[in-house]
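Asks: Here's a structure for you.
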Amino acid sequence: MHFFSRKNTKFLLIVFILLILVFVSFRGADNSFKGFVLRASSPFLKTFRIFSGGISDVFGFLGSIGDLKNENENLIQKNQELLAENTRLKDIEKENGVLRDEFGLAPKNKYDLEASFVIAQDPQGLGNYVIVDKGNDKGIRIGMPAIVSKGILIGRVSDVFSNTAKITLITDPASAINAEVQDSGSKGILNGEYGLGIRMNMISQAQEIKEGDAVVSSGLGGEMPRGLVIGNISRIDQSKDKLFQEASILPEANLSDLRIVFLVTKF
Amino acid sequence: MKNFFLFVFCTIVVFFQLSIEGVFFSLERIPDLALALVITLVISMGFEKSAPWLVLAGLLIDAGSGTIFGTGALAYIFIGWAISYLAAVADIRSRKILFAASLGAITVFSEITKDLFFWVSFRLKDYYLHQSFAVHANFFSLDYFLKIVYTVLAVYLIYYVFRRSSRSLLQEPIKLATKKRF
């Protein structure tokens, strides 16, 4: 068979054009191309997502016992809100005390939030992120924290396009968040373990932590507010070199069923 | 009419993957509907006629992926071109069980090839641009096994839907690729 058949010639031509596209993307046009396609497709993606949410709810409803399902959902949401509120109040109380003692400054406890719909997720299942329907046009910037239920952290904005943004979830191994154990104040760094787990590393051996302790953002570095709920300690281990403690964290938010998230635009 | 049908079919399948699947599947088990579409189109229409639609599907997937824009389309074009050389598929298409088995085998190899391609793309982006997402590419996990199984099932479903809808929506069905074209 002749190599330069019509099919092979067409194949080589397309590959050549795509290689140019990849090269141009690589040289800095990646976000522009993606932004353009996402801008054109975001209304459809949003409609599809809302529609699928409805179908998912129907299946969920059929799979449970009528009203108990709704009641359960309401209670879970209420529980999450109360937990977030409780955690934040504890944190504010602690912060208040410290500031009163030392500086007499009023604590910050109010965020500016931008509500947004989750319209897509990683199509290849190789990363851990979602795409939301707010972007540059609404003042969204890279690094902004994303929360649900008034204070439960789910991730951080990692890419912004004209009217969409990408949020890397806290379960992504690339995610690194300064956190602390609420009761003991032990500081550490949170990294995602692919799937639904999170690991808190670099906890000093001198600090006492226990299973069930709540973990919140520490606010160190100033990239996100202090006191956002992350989850609870489910297991405690020693680091390989035995210099630090490590803890597995069970996230408070259900990251596999995100529909509406709030981006913290100002704190 | 045929092109419009193909455009709508391709965009709906890709939008399903981007937007809807995450509601029903956990992230690491999401079946690759775009790959199922690529396999269906190449086997049904041949590489030459399906090439523009493979590029469209690839670019739409790229927009939602963490890879460099264009690499998904490149991966699908390579896979489509390779599949088109499998003359055996054309030979056994009339024998249902053998065809189903070969379709499954093609899907498994295509999925692994595609994920390797994406993994390399992620690594290159990470290495040169330092802006990649961390990539989970454990090819020996239960999640990955289930992802492949779901994708194989998706290929059967999409192939069936495509053949049926092309027959009923168009005046005449989209002509099957002949052995010569393979």
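Asks: Any residue at all in region A:228-243 that is hydrophobic (A, V, I, L, M, F, W, C), out of contact with any helix residue (DSSP H, G or I) (no Cβ under 7 Å at 6 or more places or on another chain), in contact (Cβ under 8 Å) with a residue 60 or more places away in the chain and surrounded by 21 or more Cβ atoms within 10 Å (Cβ to Cβ)? Write out each step before concluding.
Replies: Of region A:228-243, the ones hydrophobic (A, V, I, L, M, F, W, C) are A:228-230, A:233, A:236, A:243.
Among the residues that remain, those that are also out of contact with any helix residue (DSSP H, G or I) (no Cβ under 7 Å at 6 or more places or on another chain) are: A:228, A:230, A:233, A:236, A:243.
This time we only want the ones that are in contact (Cβ under 8 Å) with a residue 60 or more places away in the chain, so: A:228, A:230.
With surrounded by 21 or more Cβ atoms within 10 Å (Cβ to Cβ) added as a condition, the list becomes A:228, A:230.
Yes, because at least one residue in region A:228-243 is hydrophobic (A, V, I, L, M, F, W, C), out of contact with any helix residue (DSSP H, G or I) (no Cβ under 7 Å at 6 or more places or on another chain), in contact (Cβ under 8 Å) with a residue 60 or more places away in the chain and surrounded by 21 or more Cβ atoms within 10 Å (Cβ to Cβ).
Asks: Here's a follow-up. For region A:186-198, indicate whether the set of residues that are modelled with pLDDT of 85 or more, farther than 30 Å from A:Ala120 by Cα and surrounded by fewer than 18 Cβ atoms within 10 Å (Cβ to Cβ) is non-empty.
Replies: Within region A:186-198, one or more residues are modelled with pLDDT of 85 or more, farther than 30 Å from A:Ala120 by Cα and surrounded by fewer than 18 Cβ atoms within 10 Å (Cβ to Cβ).
Asks: Restricting the search to region B:54-67, which residues are more than 20 Å from B:Val161 (Cα to Cα) and open to solvent by less than 10 Å² (accessible area, probe 1.4 Å)? Before the answer, list the steps.
Replies: Start the filter on region B:54-67 by keeping residues that are more than 20 Å from B:Val161 (Cα to Cα), which leaves B:55, B:58-67.
Across region B:54-67, the qualifying residues are B:Gly58, B:Ile61, B:Asp62, B:Ala63, B:Gly64, B:Ser65, B:Gly66, B:Thr67.
Asks: Can you tell me which residue within region A:49-77, out of those that are open to solvent by 100 Å² or more (accessible area, probe 1.4 Å) and closer than 24 Å to A:Val130 by Cβ, is modelled with the lowest pLDDT?
Replies: A:Phe59
Asks: Check region B:85-94 and report whether any residue there is within 13 Å of chain A (Cβ to nearest Cβ) and either aromatic (Phe, Trp, Tyr) or open to solvent by less than 20 Å² (accessible area, probe 1.4 Å) (or both). Let's see the steps before the verdict.
Replies: The initial filter retains those residues of region B:85-94 that are within 13 Å of chain A (Cβ to nearest Cβ), namely B:85, B:87.
From the residues that got through so far, the ones that are either aromatic (Phe, Trp, Tyr) or open to solvent by less than 20 Å² (accessible area, probe 1.4 Å) (or both) too are B:85.
Within region B:85-94, one or more residues are within 13 Å of chain A (Cβ to nearest Cβ) and either aromatic (Phe, Trp, Tyr) or open to solvent by less than 20 Å² (accessible area, probe 1.4 Å) (or both).
Asks: Do we find a residue being open to solvent by 30 Å² or more (accessible area, probe 1.4 Å), part of a helix (DSSP H, G or I) and in contact (Cβ under 8 Å) with a residue 60 or more places away in the chain anywhere in region B:11-20? Quick ask: steps written out before the conclusion?
Replies: Kept after step one, since they are open to solvent by 30 Å² or more (accessible area, probe 1.4 Å), are these residues of region B:11-20: B:12, B:16.
Narrowing the set further to residues that are part of a helix (DSSP H, G or I) leaves B:12, B:16.
Among the residues that remain, those that are also in contact (Cβ under 8 Å) with a residue 60 or more places away in the chain are: none.
No, region B:11-20 contains no residue that is open to solvent by 30 Å² or more (accessible area, probe 1.4 Å), part of a helix (DSSP H, G or I) and in contact (Cβ under 8 Å) with a residue 60 or more places away in the chain.
Asks: For region B:21-53, which positions are open to solvent by less than 10 Å² (accessible area, probe 1.4 Å), of a type outside the set (D, E, K, R) and within 28 Å of A:Gly53 (Cα to Cα)?
Replies: B:Gly22, B:Ile30, B:Pro31, B:Ala34, B:Leu35, B:Ala36, B:Leu37, B:Val38, B:Thr40
Asks: Still on this model: Please tell me if A:Ile140 is assigned to a loop (DSSP other than H, G, I, E, B) and either touching a Leu at 6+ places or on another chain (Cβ under 9 Å) or more than 22 Å from A:Gly227 (Cβ to Cβ) (or both). Show your work before the answer.
Replies: Details: assigned to a loop (DSSP other than H, G, I, E, B): yes; either touching a Leu at 6+ places or on another chain (Cβ under 9 Å) or more than 22 Å from A:Gly227 (Cβ to Cβ) (or both): yes.
Spelling it out, A:Ile140 is indeed assigned to a loop (DSSP other than H, G, I, E, B) and either touching a Leu at 6+ places or on another chain (Cβ under 9 Å) or more than 22 Å from A:Gly227 (Cβ to Cβ) (or both).
Asks: When you scan region A:144-175, how many residues do you find that are touching a strand residue (DSSP E or B) at 6+ places or on another chain (Cβ under 8 Å), of a type outside the set (A, V, I, L, M, F, W, C) and within 13 Å of chain B (Cβ to nearest Cβ)?
Replies: Adding up the residues that qualify gives 11.
Asks: Would you check if A:Leu99 is open to solvent by 50 Å² or more (accessible area, probe 1.4 Å), away from chain B (no Cβ under 14 Å) and modelled with pLDDT under 85?
Replies: no
Asks: Going by what's in this entry, would A:Gln205 be described as over 30 Å from B:Gly22 (Cβ atoms), crowded, with 18+ Cβ neighbours inside 10 Å and polar (S, T, N, Q)? Talk me through it step by step, then tell me what you get.
Replies: Details: over 30 Å from B:Gly22 (Cβ atoms): yes; crowded, with 18+ Cβ neighbours inside 10 Å: no; polar (S, T, N, Q): yes.
So A:Gln205 fails the test.
Asks: Could you check region A:132-146 and list, in sequence order, the residues that are closer than 20 Å to A:Asn254 by Cα and at pLDDT below 90?
Replies: Hit for region A:132-146 is A:Asp133, nothing else.
Asks: Select from region A:15-38 the residues that are open to solvent by less than 30 Å² (accessible area, probe 1.4 Å) and within 7 Å of chain B (Cβ to nearest Cβ) and list them in ascending order. Before you say what the answer is, go through the steps one by one.
Replies: Let us first name the residues in region A:15-38 that are open to solvent by less than 30 Å² (accessible area, probe 1.4 Å), namely A:15, A:18, A:22, A:25, A:29-30, A:34-35, A:37-38.
Passing the criteria: A:Val15, A:Leu18, A:Val22, A:Ser25, A:Asp30, A:Lys34, A:Val37, A:Leu38.
Asks: Within region B:71-84, does at least one residue satisfy the condition of being over 26 Å from B:Phe140 (Cα atoms), at the interface with chain A (Cβ under 9 Å from one of its Cβ atoms) and not in a helix (DSSP H, G or I)?
Replies: Checked region B:71-84: no residue is over 26 Å from B:Phe140 (Cα atoms), at the interface with chain A (Cβ under 9 Å from one of its Cβ atoms) and not in a helix (DSSP H, G or I).
Asks: Do we have B:Ser102 as buried (at least 24 other Cβ atoms within 10 Å of the Cβ), in contact with a helix residue (DSSP H, G or I) (Cβ under 6 Å, 6 or more places away or on another chain) and more than 7 Å from every other protein chain (Cβ to nearest Cβ) here?
Replies: Values: buried (at least 24 other Cβ atoms within 10 Å of the Cβ): no; in contact with a helix residue (DSSP H, G or I) (Cβ under 6 Å, 6 or more places away or on another chain): yes; more than 7 Å from every other protein chain (Cβ to nearest Cβ): yes.
Judged against the criteria, B:Ser102 is not a match.
Asks: Oh, and also: Here's a check for you: in region A:178-198, which residue that is touching a Pro at 6+ places or on another chain (Cβ under 9 Å) and either more than 10 Å from chain B (Cβ to nearest Cβ) or acidic (Asp, Glu) (or both) is farthest from A:Ala84 (Cα to Cα)?
Replies: From region A:178-198, those touching a Pro at 6+ places or on another chain (Cβ under 9 Å) are A:191-194, A:196-198; that's our starting set.
Cutting the leftovers down to either more than 10 Å from chain B (Cβ to nearest Cβ) or acidic (Asp, Glu) (or both) gives us A:193, A:197-198.
Details: A:Glu193: 23, A:Gly197: 19, A:Ile198: 18 Å.
Among those that are touching a Pro at 6+ places or on another chain (Cβ under 9 Å) and either more than 10 Å from chain B (Cβ to nearest Cβ) or acidic (Asp, Glu) (or both), it is A:Glu193.
Asks: Here are the criteria: (1) open to solvent by less than 50 Å² (accessible area, probe 1.4 Å); (2) more than 12 Å from chain A (Cβ to nearest Cβ). Tell me which single one B:Ile112 does not satisfy.
Replies: B:Ile112 satisfies all of (1) open to solvent by less than 50 Å² (accessible area, probe 1.4 Å); (2) more than 12 Å from chain A (Cβ to nearest Cβ) except (1).
The values are calculated or read from the model by the stated rules, or taken from the named source; none is laboratory data. Quantities reported herein were computed from a predicted structural model and do not represent experimental measurements. For neighbour counting, all protein chains shown are included, and Cβ atoms are generated from backbone atoms with ideal geometry for every residue, glycine included. What goes into the accessible areas is simple: the full protein's heavy atoms, side chains included, and nothing from ligands, DNA or RNA. Shrake-Rupley method; radii C 1.70, N 1.55, O 1.52, S 1.80 Å.
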